[in-house]
Amino acid sequence: MPKFVLTISNNEIAKQIADLLNSGKQLWFHQMPQGILGNPIEYLVELDQQKVIAVVGLELKAPQVTEIKHLVVHPDYRKRGLGKKMLEFAIMHAKTNYVFGTVGVDNVENIRNNFRVGMVPIGKYRNNRRMIIVFARRRSNGANACKFAKH
């Protein structure tokens, strides 16, 4: 038997995560609850009662590298430190030594939060819509321990 049993179902959590991810209109394709349940991304969620108010995903990309994905905070809960908290939570729960994530150059708050949790920019690229910054760090050591950083 699981240690904790929630009063909200996996399907309801997946629906709320999909709705939250879709609300920002930043992803390439519309998320569906079935996709949330079936994809390899592990989602970490923050709840207020039975409402998903923040989410971040972790996806194993290589034996030593995890990608932090899909960080979203519900608009009614922003400016409370949840973005930073979710990034810290994601780094802490990654199962690899290195983590990375991408942030649009126009997402100033997420850029700030990446710096606040010790992520460092290691590169940029342009997708079809905008410039993207790649942030990374070594999980197990302090804020300046990222081997990915260019010198």
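When you check residue 15 against the structure, is it of a type in the set (Lys, Arg) and either touching a His at 6+ places or on another chain (Cβ under 6 Å) or not in a helix (DSSP H, G or I) (or both), yes or no? Criteria not met by residue 15. Among the residues of region 79-107, those that are in contact (Cβ under 8 Å) with a residue 12 or more places away in the chain and either of a type in the set (D, E, K, R) or in a strand (DSSP E or B) (or both) comprise 84, 85, 88, 95, 98, 99, 100, 101, 102, 103, 104, 106.
Of all residues being part of a loop (DSSP other than H, G, I, E, B) and in contact (Cβ under 8 Å) with a residue 12 or more places away in the chain in region 41-77, which is surrounded by the most Cβ atoms within 10 Å (Cβ to Cβ)? Just the residue, please. First the steps, then the outcome.
Quick first cut of region 41-77, residues part of a loop (DSSP other than H, G, I, E, B) only: 41, 49-50, 63-64, 74.
Remaining after also requiring in contact (Cβ under 8 Å) with a residue 12 or more places away in the chain: 41, 50, 63-64, 74.
Values: 41: 16, 50: 12, 63: 8, 64: 12, 74: 18.
If we take residues in region 41-77 being part of a loop (DSSP other than H, G, I, E, B) and in contact (Cβ under 8 Å) with a residue 12 or more places away in the chain, then 74 is surrounded by the most Cβ atoms within 10 Å (Cβ to Cβ).
Restricting to region 20-34, and then to whatever is exposed (fewer than 15 other Cβ atoms within 10 Å of the Cβ) and out of contact with any helix residue (DSSP H, G or I) (no Cβ under 7 Å at 6 or more places or on another chain), can you tell me which residue is modelled with the highest pLDDT? Don't jump to the end; show me each part of the working.
First, pick out the residues of region 20-34 that are exposed (fewer than 15 other Cβ atoms within 10 Å of the Cβ): 23-30, 32, 34.
This time we only want the ones that are out of contact with any helix residue (DSSP H, G or I) (no Cβ under 7 Å at 6 or more places or on another chain), so: 23-26, 28-29, 34.
On the way: 23: 84, 24: 70, 25: 65, 26: 64, 28: 62, 29: 74, 34: 89.
Only one residue fits best here, namely 34.
The values are calculated or read from the model by the stated rules, or taken from the named source; none is laboratory data. Computed from a prediction, not measured in an experiment: that's the story for all the values here. When we count neighbours, we look across all protein chains shown, and the Cβ atoms used for this are built from the backbone with ideal geometry, even at glycine.
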